[in-house]
Structures are given as structure tokens and as C-alpha cells.
Amino acid sequence: MKLSVLPEPSLEFGRGQHVCPRAGIYEHDVYDSVLAVRREHLWVGAVGVSDDLETLATWIQRCQGPIPAKLNARQPTLFPAFCGFNRDVGFRANMSLQDEITRTLPKAAVRNIVRIKQFNRRVEAAVQLFFPHVKFLCQNRTVDVVVCVIPDDLYDVISKRSTASADDHIKDSDTDDLVEANFRRALKAACLHLGVPLQLVRAKSLKPNPPGMQDDATKAWNFCTALYYKANQTVPWRLPLDANAPSTCYAGIGFFRSRDRSVLHTSLAQIFDELGNSVILRGTPVGVDKNDRRPFLRADQAEELLARALGEYRDALGHAPARMVLHRTSRIRPDELEGFESATSTAGVSTLDCVIVRDTDVRLFRQGLYPPPRGTMMSLSKAEHVLYTRGSVQYYHTYPGLYVPQPLRITTEHTEGSPSMIAKEIIALTKMNWNNTQFDGKYPITLHCARQVGSILKYLDEGERPPISYSYYM
């Protein structure tokens, strides 16, 4: 058994590197500020009831200037001040919300949805309420991203299956329980073909320092970074390039069930390391192993899925990667490995690393109050390792979680890279989520993205071809 602590990976920004996305943006500007093709003015469309649209406009106006750090914060690096969204610092861009690019929801329509007794029908009605307004903005106005503000009373009855409205005791019927209904997923799926990313926010979260929610500075960092990425579809930060390392493409394979749970599909999220871009692909229906109940791909399915991913890589960069890294959460069957190896061989990829990343019940104990540091790695054997992607963070001077962190189990049976190299890449990829500027994510973006994408793809018909950018699913 071998124990080590891996260093916190740096990220690359416009004028330098830093381990923290917030400090990196503030001190070195967003990475794509060096690119001539990015947008420097973002047009933010919005859909919501009139009161919430006014609250959103006030919030966006406030985000244009600096927002002070959380009061009495003991960890100033965990709760830093927000630099402001403007052309002078950080994001080096402006954003505008104008009346001409907003659409107002009738309050009576919201009240009618709240009174619907069956949960699935409430969700469906809510999607039908928002969708025409989003469609109008995307097709008739110039907007880079559309913010959908969910009224608090509506949020209360579509976010959880068992709930009651303030003025009517609602009891959910079990009629449609076998079909999943999720407002966020369904609305994003309905709007994928419109070509404009969505940002869904709860009305309550737009108010100053709402109780039980993030402080305003932290909220501004996350909100503005997500909007910037979605509107520009370029990257605020990326992984630093190593000129001496082979060009590498990372991909995560996930599995998702259809809404009625009858069919299992694959989703693949592919990350281009050189550009920081992502490509989303949907695979064909797959089977389930009768012995361990785990999903698997046939050799031809594995080959076809990876061949498509490598084709997208070649289209983007003009050449195949020298190395392909696949992340998944279940064991790799021999026929799957055969399919992956065939695809990489045909594409001219010299190295294939297939890594299994899953949760584990193994824990390490540390003297003192804090859990093991993020980056702690324990090798149990040549191929089995335990990795803490969440834990005490030296930069934050604390453990920024609420519960005892659960490490990951990393299996490197089918890899050519060393275990420490594979683990360092996984830690670095946990920092590539542009929806959260706190950098200690648990899962690499490859798997996080594949899961998130799969949860939305299940709402599409079989013949629909989904967009390939992650910005539409985030």
C-alpha cells in the first residue's frame, strides 16, 4: 500500500495561471480574452413574471460592478469579493438585459399551474408556459443566452414530487409515476433545437443575500461565469498545455434510462484538451449484464461511439489525438475493450487509456478536525487506487464541505499511463466545470457532463439529433 498527496493543478487564464478560477479570472482575465472571435457584449434575454424580471434586471446591473466578500468570512480565499462583469477587469465584457429581449409570463397562468393536482402534468404545463416565450426570443430577437426565472410559488410545486401549494392542499396522483418528469431537463430538451443556451434560476436566489443560499459575491461568480460560457461558447479557463506531452482527448461514457425506464442508452461527453471545448454524442440502446446488472456496450457499439468522437476531434483540430482517455463508472468487458481499441487503431491514435472511476466506501482517517487533503491517493494494488477529489483544500485553509467526503475508486487495469498521472488528470478535470467556480468538484467533468447530458437526452425523440456543445445542457 502506498500513500501520497498530489499537488493542486493550475488552470490557464488569459495572462497567467492560478489554481483558483475566481482568483485566476480576477488577476489574469478569462482565457478566451486572448481570442479575437469572442463576444465582448452579451445580450441576455429573459422570461419570467414582471416582478421577477425587475429583480433579474437589478441583479444583472449589480453584477456589473464589484460585490464585496461575504461578511465575517473566516476563509477569504473561499469567499472572495466579486470583481464585476465589465470590460475593465476579469471577464473583459459587458452584458445587457433590455425590455425588448424579455417576455412576461401571466401571473394567472402561473397560479393555474400551481393548482394542478398531478405532478407530471404540473411539470408539463410549466414547460409549455415557458417554451413559447423562449422560442420567440430565440427566433425573433438577438440574444446570446436566455434566463428563465422560475417564480417561487411555481418552483415549490415542480421541484419535488410531494409538495403542496400555499392556498390548496395538493396530493399527487400515482397515475404517471412510471414516467419521469423533471422541469429543468424537459425545458432544456424542448429548447435544444433553438440554438440558444438557457440559464434557469429561482426567483428567490436573485434577491440580496437570501437566507440559506450562497452569499452575493459567490452567487455572482457562479452566475456570471455560467452566463459568459453559455453566451460565448468559448472557455473562461482551460487546462495548461504541456508541450512535451502527447495531444490528449478525454471522454466520459455514461448510461441513462428512457423516461419510462424501459430502454438504456449511452451518452458520451468528449473534452478537447487543446481548446477546452466539449462535444456531446448520443449512443444506441445498450444491454445489461445478467450477472452484475451493469450496462455494457457490444463491440460494434463501442467502436461506433468512439469512432464518432474521434471524428469530431479530427474535424475540430485537423488531426487525431496521440492519446485517448476514456472514463466510465462500470467495469470494461473484453468485447467493449476490443471495440474501443479498434476505433483508436483505425483513427491512428497510438495510446488508449480506459479508466474506471466510481465511488468507494473506503475511508482514510486523519488526526485533527479536517478530513484528508484533496489529492490524497492511496494505492491498494497495481490497478486499484483510492483518490480524494474532495477533502481539505490548502488554498481555502479549510474543508469546504458539509459532510464527510467520499473518495473515488480508480481502476487502471487497461491503461498505459502511470496511476499517478491518471489521478492527476482526474483531479485537473474536476476543475473544468464552468457552472461552479469553487474548484473542488468530486467527479471529472467527463463523467459529470455525461451524466448531466444523459438526463436531458432522455427527453428527446429517437430521431432527434442533439447539439454537440455542453453549453446547452449545463
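The values are calculated or read from the model by the stated rules, or taken from the named source; none is laboratory data. Source: prediction; values computed, not measured. Neighbour counts run over all protein chains shown; Cβ positions are idealised from the backbone, glycine included. Each accessible area value is taken on the protein alone, full model and side chains, heavy atoms only, with ligands, DNA and RNA left out. Shrake-Rupley method; radii C 1.70, N 1.55, O 1.52, S 1.80 Å.
Structure notes:
- Residue check for residue 235: open to solvent by less than 40 Å² (accessible area, probe 1.4 Å), at pLDDT 95 or above, outside any helix (DSSP H, G or I) and not polar (S, T, N, Q): no
- Pick from the stretch 343-375, criterion under 28 Å from residue 397 (Cβ atoms), part of a loop (DSSP other than H, G, I, E, B) and among the charged types (D, E, K, R), ranking: modelled with the highest pLDDT: 374
- Some residue of the stretch 56-79 being closer than 21 Å to residue 200 by Cα and either modelled with pLDDT under 95 or basic (Lys, Arg) (or both): yes
- Within the stretch 197-212, residues that are more than 28 Å from residue 139 (Cα to Cα) reach partners that are open to solvent by less than 60 Å² (accessible area, probe 1.4 Å) and in a helix (DSSP H, G or I) with beta carbons closer than 6 Å, at six or more positions or on different chains, in the pairs 204/152; 209/216.
- Taking the stretch 117-130 as the range and being open to solvent by 50 Å² or more (accessible area, probe 1.4 Å) and either small (Gly, Ala, Ser) or touching a residue at least 40 places away in the same chain (Cβ under 8 Å) (or both) as the test, the residues that pass are 117, 121, 124.
- Within the stretch 44-102, considering residues that are open to solvent by 10 Å² or more (accessible area, probe 1.4 Å) and part of a strand (DSSP E or B), the one farthest from residue 148 (Cα to Cα): 94
- Only one entry in 351, 346, 329 is open to solvent by 10 Å² or more (accessible area, probe 1.4 Å), within 26 Å of the chain's Cα centre (by Cα) and among the polar types (S, T, N, Q), namely 329.
- Qualifying residue in the stretch 430-450 (condition: among the β-branched types (Val, Ile, Thr) and out of contact with any helix residue (DSSP H, G or I) (no Cβ under 9 Å at 6 or more places or on another chain)): no
- Answer from 421, 378 - the residue that is assigned to a helix (DSSP H, G or I), surrounded by fewer than 21 Cβ atoms within 10 Å (Cβ to Cβ) and at pLDDT 95 or above: 421
- Pairing each residue of the stretch 351-367 that is farther than 17 Å from residue 410 by Cβ with any residue that is open to solvent by 20 Å² or more (accessible area, probe 1.4 Å), provided the two are 6+ apart or on different chains, yields C-beta distances under 6 Å for 351/416.
- Residue tally, condition in a helix (DSSP H, G or I) and open to solvent by 60 Å² or more (accessible area, probe 1.4 Å), over the stretch 137-157: 5
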